[in-house]
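Heads up: the structure comes next, in structure tokens.
The values are calculated or read from the model by the stated rules, or taken from the named source; none is laboratory data. Fair warning: this is a prediction, and the values are worked out from it, not measured in the lab. Virtual Cβ from ideal backbone geometry, glycine too; neighbours counted across all protein chains shown.
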């Protein structure tokens, strides 16, 4: 199994091209199940999660042609006959559950294994299943599978989510595109990735309004067509590199992204002493003060501070002057990176859903392991500023969500090496 060696102490200077958003790409790939025509996705990141989902789709009979060098994926689900997604494929990634709704909407039945994924707390699929039931699906859980059928097709419904859920919003929005009548999703999530998915579905012939608000209306169609769609820039990757520059100092231009995607990060970074300036499809990040300052953060649904940047901002706070408080409101059990940061000399106290981070004069390189996707990149950030060398294992988590991170950072002056642990 590979490891990454990070030798700290170097400033970051240069340019980094931001990849397409993982959290958008996966849902867009699933949308191919709603049509018999080609769905062509460009700016697709070459991530482990993308390949995992490709395996799921190919297992269902989708014709997939991924031109990695061109970041282009062509999908055609016109020959899908098998509507069963088995455990062996689905267990690797939670997003696989999203094939259920589109298969059900188009074919009238689907059997999908309950999924696996990051161990960052309970993320039940009950919101997904309850919503599909409201659309007229008959669902039973049997031997680890969700077995669903809609012999008379799905019917539009008014669905009020008891809590904001990105996955359930995306799932039911896709299913409703082929439901008879009008579906209204209330208390819907508002993330840019949902808007990106909705825009693609509309290009395919769907009729969706209210994207980016908490009320989304979908007028069902008998069928959808093909489309060409450019995947949205990854706001989590954008924010991660912005935080990295703040930690190391220097100046980096982030390309093919937009500052609107990280509005919730710009203000706390400014208070900490990091300047983030957007112009068109670039963002320039520089550190404006010699020493960073502690800030308080609370994760919230979009447009609040994203939970997927919580671990990264915690890594930054470990070297700030003073202290900062991080409160996690989205997922329980998402402080698993704290013990690993403490191995590097961080001073962090966890009290329930909050973590008090007191800045230390320096971090020191150590052997650490990634516990989930975002925790893995927090170790990378800490290693960039630590004295000595940090060795990070279990980097398969990192490969799930960061496209070519070692080369991107090294091109800006970092010292990272990926090695085989043989």
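For this structure, a couple of remarks:
- Residue check, residue 314 closer than 14 Å to residue 244 by Cα, crowded, with 24+ Cβ neighbours inside 10 Å, in the same structural domain as residue 272 (by TED's automatic domain parsing) and within 25 Å of the chain's Cα centre (by Cα): yes
- The sole residue among 245, 184, 195 that is in the same structural domain as residue 400 (by TED's automatic domain parsing) and touching a residue at least 12 places away in the same chain (Cβ under 8 Å) is 245.
- Strands (runs of 3 or more DSSP E) wholly inside region 347-422 that include at least 1 residues being under 17 Å from residue 240 (Cα atoms): 415-420
- Residue 12 vs. criteria touching a helix residue (DSSP H, G or I) at 6+ places or on another chain (Cβ under 7 Å) and under 16 Å from residue 199 (Cα atoms): no
- Some residue of region 1-21 being within 28 Å of residue 285 (Cβ to Cβ), without any contact (Cβ under 8 Å) to a residue 40 or more places away in the chain and either over 13 Å from the mean Cα position of the chain (by Cα) or in the same structural domain as residue 193 (by TED's automatic domain parsing) (or both): no
- Looking across region 345-362 at every residue that is buried (at least 18 other Cβ atoms within 10 Å of the Cβ) and touching a strand residue (DSSP E or B) at 6+ places or on another chain (Cβ under 6 Å), the one that is nearest to residue 319 (Cα to Cα) is identified as 359.
- Against the list (1) more than 20 Å from the chain's Cα centre (by Cα); (2) surrounded by fewer than 23 Cβ atoms within 10 Å (Cβ to Cβ), the condition residue 206 fails is (2).
- Single condition residue 24 does not satisfy, out of (1) touching a residue at least 40 places away in the same chain (Cβ under 8 Å); (2) touching a strand residue (DSSP E or B) at 6+ places or on another chain (Cβ under 6 Å); (3) not in a loop (DSSP other than H, G, I, E, B): (2)
- Taken over region 205-235, residues that are touching a helix residue (DSSP H, G or I) at 6+ places or on another chain (Cβ under 7 Å) and either closer than 30 Å to residue 254 by Cβ or free of Cβ contacts under 8 Å to residues at least 60 places away in the same chain (or both) amount to 11.
- Counted residues, region 150-162 - those being farther than 21 Å from residue 221 by Cβ and touching a strand residue (DSSP E or B) at 6+ places or on another chain (Cβ under 9 Å): 2
- Scanning region 146-165 for residues that are surrounded by 15 or more Cβ atoms within 10 Å (Cβ to Cβ) and in contact (Cβ under 8 Å) with a residue 40 or more places away in the chain yields 146, 148, 149, 150, 153, 154, 156, 164.
- Of all residues making up region 72-105, the number that are surrounded by fewer than 22 Cβ atoms within 10 Å (Cβ to Cβ), closer than 19 Å to residue 227 by Cα and more than 23 Å from the chain's Cα centre (by Cα): 4
- With respect to the stated conditions, residue 404 fails to be surrounded by fewer than 24 Cβ atoms within 10 Å (Cβ to Cβ), more than 15 Å from residue 340 (Cβ to Cβ) and free of Cβ contacts under 8 Å to residues at least 24 places away in the same chain.
- Looking at region 33-131, the helices (runs of 4 or more DSSP H) lying wholly inside it that each contain 1 or more residues that are assigned by TED's automatic domain parsing to the domain that holds residue 159, modelled with pLDDT of 95 or more and over 18 Å from residue 177 (Cβ atoms) sit at 48-60.
- Residues being in contact with a strand residue (DSSP E or B) (Cβ under 8 Å, 6 or more places away or on another chain), surrounded by fewer than 19 Cβ atoms within 10 Å (Cβ to Cβ) and in contact (Cβ under 8 Å) with a residue 40 or more places away in the chain - total across region 295-306: 1
- Exactly one residue out of 383, 365 is in contact with a strand residue (DSSP E or B) (Cβ under 9 Å, 6 or more places away or on another chain), over 22 Å from residue 260 (Cβ atoms) and buried (at least 23 other Cβ atoms within 10 Å of the Cβ): that is 383.
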